[in-house]
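Working notes for the structure below.
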Amino acid sequence: MLDRAYALLSIKALDTERRTITGLASTPTPDRSGDIFEPLGATFTNPLPLLLHHDRERPVGRVTLTARADAIAFEATLPKVAEPGAVRDRVDEAWHSIKAGLMTGVSIGFRPLADGVKQLASGGMHLLRTEICELSLVTVPANMETTIQTIKHLAASGRTSPGVSGPPRKLKLMAKQTPAEHISALEKKRTELTERISAILDTAADEGATLDEDGAKEHDELMEQVKRIDADLARWREHEKAQATKAAPVEHRPPAIQIPTYQRISVKPNVPQGMPFVRKAMALLVCHGNTYEAAEYAKRWDDSTPEVSLSLKAAIAPGTTTDATWASPLINQTMVNDFVELLRPATILGKIPGLRNVPFNCKIPMQTAGGTYGWVGEAKPKPLTKLAFSSDTLGVTKVAGIIVLTEELVRFSNPKAEELVRADMVAGIAQFLDSQFIDPAVAAVAGVNPASITNGAPTAAATTNPLADILGLINHFATNMIPVGGLTFILSPTNALALSFRTTIDGSPEFPGIDVTGGNYRGMTFITSNTATTNVVALQPSLILYADDGGVTIDASREASLQMDSAPMSPADATTVYVSLFQTNSVALRAERFINWKRVTTNAVKYLTAAAWPSPTGGTALVAAEPAKNGRAHKD
């Protein structure tokens, strides 16, 4: 059982780079309980643990103590923990509390040694000999003698502190003690000790007796402290004289002029995401690609999307608050990104967290085998091992589609027509990418398209027990030494809905967090897509390479002749039928996106076939047993 002695946290230096604080942990001044802790009577073994509130299960750093006559000094370091988790949160909380001035006290955890405690007449204890086991950061101190003196790193950086959160916080700083002030404190302490010595001797004289054993022992210890203080006073007076010879006049510097800062104001259109991109394409269609006429045509939308007409004008355009960087010529790219941001979440690729994004046409090194390790006896040779590596490249492949619209729809468009074009472009590209990504029948064609991630991957037939099926897929990755953390499952909305209906015997959901749109279950992600049909695909995202240029290119034509077919003949022959856009008064909008993917290893993906998980009868996955009849439990 440890006792505790408290003091205000007296910070003499605070180093934000090393996260180190130094100061005083205890003084021999009586605390609020009337106890006196003798610094020179304390023993300890450095370094000691630095705890929070004397909780041995919550260490936050290491501390080194130094005992002297007037106090116990300490230097504590709180480590910088890189790995996220409870340890980093606890240490950061302690550090931020110290910096913000919320954690102002320290407490020594100690145990008295034999004959180390003397009862005082005031009711308190004089702790003469102790063993210190730990130092803790606390909020309520008992010893009020020490105070915050200075925080060096703040004075060097403008006397501000970032605090835990929010804008910089002004701190009131007190100057470090001068030699004269320190000498005055030592003299005050010496006076207190001599007065106590006089009181001991006066008591003995009044009683007409010699000092008893306890009185003599206390008298001798106090005299020893007086001698040490006298020695310290001699040193500090010499130091004060030396400092006086180095004194120099203080240079007066006028206060620095504070330059106000301003925040940029950005006004965003209140229109559906991706609409500026679609409106620009429609303006170019109506005006046959003439950018000047298209800019004039686009002015009809200036009340909601003025960036459309600005992007169609000359490169040097007037700056407005709607422009990100004062008439930036990159506004075209901004509108493309607006459309891609809308497209990505609509696709399976946009929903999978943790895919390895890599550039096109760059060699990507991959480890294919690890080293060999084993037990080695004493004085035996260690085995030599090696690693195996390979590399791969994702070439440039693209997805493209053409939308044909009538001249009337484009020219006399209203918000409904814009929504139609926007919705069709998003849905069309998303559906195609989803199907190509997980359809096992999609094989790679050099220079044309990548294989789906399920093409050639291991597979298994689904059962009517979804939990067993999911555990079977997880076991595949564990067996092949592939991390199961962050696994992603792709399934149809129907199968996801069946999982959400299943409940345990007590009526709680068997798969909490999953609904018809997918969700998360026990650290795994479930994504729904109609293109999954009756397959359930499990994959480790970190083993899927993914290249994407991040843009969608839109081209328009009125004079082309097209094969009005979703699977055009290539190469065309004499039987191919073409339709003239000019003759039918139509326009064609072509969208292209450069994208590619590849599975790193065969076992990075496994999928189930013919999955049609039934919803539980009566709303429960398990049927509860009825009360026992004739000594037996049964269920229908």
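Each reported figure results from applying straightforward, stated rules to the coordinates on display, with no laboratory input. Remember, it's a predicted structure, so these values are computed and weren't measured experimentally. Ideal geometry is used to build each Cβ from the backbone, glycine not excepted, and the neighbour counts take in all protein chains shown.
Quick one: 3J(HN,Hα) in Hz for the stretch 515-530, Karplus 6.51/-1.76/1.60 with θ = phi - 60°, rounded, Gly and Pro as x.
9, 5, 9, x, x, 10, 9, 6, x, 10, 9, 10, 10, 9, 7, 5
Give, to the nearest whole percent, the P(r) tail of the stretch 182-241 beyond 13 angstrom, counting all Cα pairs.
On the way: 1124 of 1770 pairs.
The answer is 64 percent, as a whole percent.
In a shell of Cβ-Cβ distance under 13 Å around H239, excluding H239 itself, what net charge do Lys and Arg (+1) and Asp and Glu (-1) give?
Working: positive: R235, R237, K241, K246; negative: E181, D232, E238, E240.
Result for the local shell: 0.
Please arrange M481, M275 by counting, for each residue, the other beta carbons lying within 10 Å of its beta carbon, fewest first.
Details: M481 8, M275 23.
The fewest-first ordering by Cβ neighbours comes to M481, M275.
Would you list K382, K606 from fewest to most Cβ contacts within 10 Å? Show your work: numbers first, answer last.
On the way: K382 8, K606 24.
Exposure proxy ranking, most exposed first: K382, K606.
Can you compute 3J(HN,Hα) from phi for each residue in the stretch 187-197, using the Karplus curve 6.51 cos²θ - 1.76 cosθ + 1.60 with θ = phi - 60°, rounded to whole Hz and x for Gly and Pro?
So the Karplus estimates, Gly and Pro as x, are 5, 5, 5, 5, 5, 4, 5, 5, 5, 5, 4 Hz.
Rank these for me by crowding, S492, S33, going from fewest to most other beta carbons within 10 Å. Please list the in-between numbers first.
Values: S492 21, S33 14.
By the 10 Å Cβ count, ascending, the order reads S33, S492.
Tell me, how many Å apart are the Cα centres for the stretch 462-530 and for the stretch 43-84?
Rounded to whole Å, the Cα centres lie 47 Å apart.
Is the stretch 398-618 best put as rounded, prolate or oblate by its Cα gyration tensor, with a ≥ b ≥ c the root eigenvalues, rounded for a/c under 1.5, and otherwise prolate when a/b is larger than b/c, oblate when not? Spell out each step's value before the answer.
Working: a/c = 2.66, a/b = 1.86, b/c = 1.43.
The shape class here is prolate.
List, in order, the whole-Hz ³J(HN,Hα) value for each residue of the stretch 282-292 obtained from phi through the Karplus relation with A = 6.51, B = -1.76, C = 1.60 and θ = phi - 60°; use x for Gly and Pro.
Whole-Hz 3J(HN,Hα) from phi for the stretch 282-292: 5, 5, 5, 5, 4, 9, 6, x, 6, 5, 5.
Would you grab the residues whose amide H sits under 5 Å from the one on C133? Only those 5+ places off in sequence or on another chain, please, with H modelled 1.01 Å from N.
It is G109, F110, R111, by chain and number.
Sort the stretch 480-540 into rounded, prolate or oblate with this rule: let a ≥ b ≥ c be the square roots of the eigenvalues of the Cα gyration tensor; rounded if a/c is under 1.5, and if a/c is not under 1.5, prolate when a/b is larger than b/c, oblate otherwise. Walk me through the numbers before you get to the answer.
Numbers: a/c = 2.29, a/b = 1.23, b/c = 1.86.
Judged from the Cα gyration tensor, the stretch 480-540 comes out oblate (a/c at least 1.5, b/c at or above a/b).
Give me the distance in nm between label points sitting 7 Å out from Cα along the Cα-to-Cβ direction at Y292 and F360, one decimal.
The two pseudo-label positions are separated by 3.4 nm.
Please tell me the relative contact order of the stretch 182-241 in percent, rounded to the nearest whole number, where contacts are Cα pairs under 8 Å and at least six residues apart. Don't skip to the answer; put the middle values down first.
Working: 23 pairs, mean separation 32.0, N = 60.
Relative contact order of the stretch 182-241: 53 percent.
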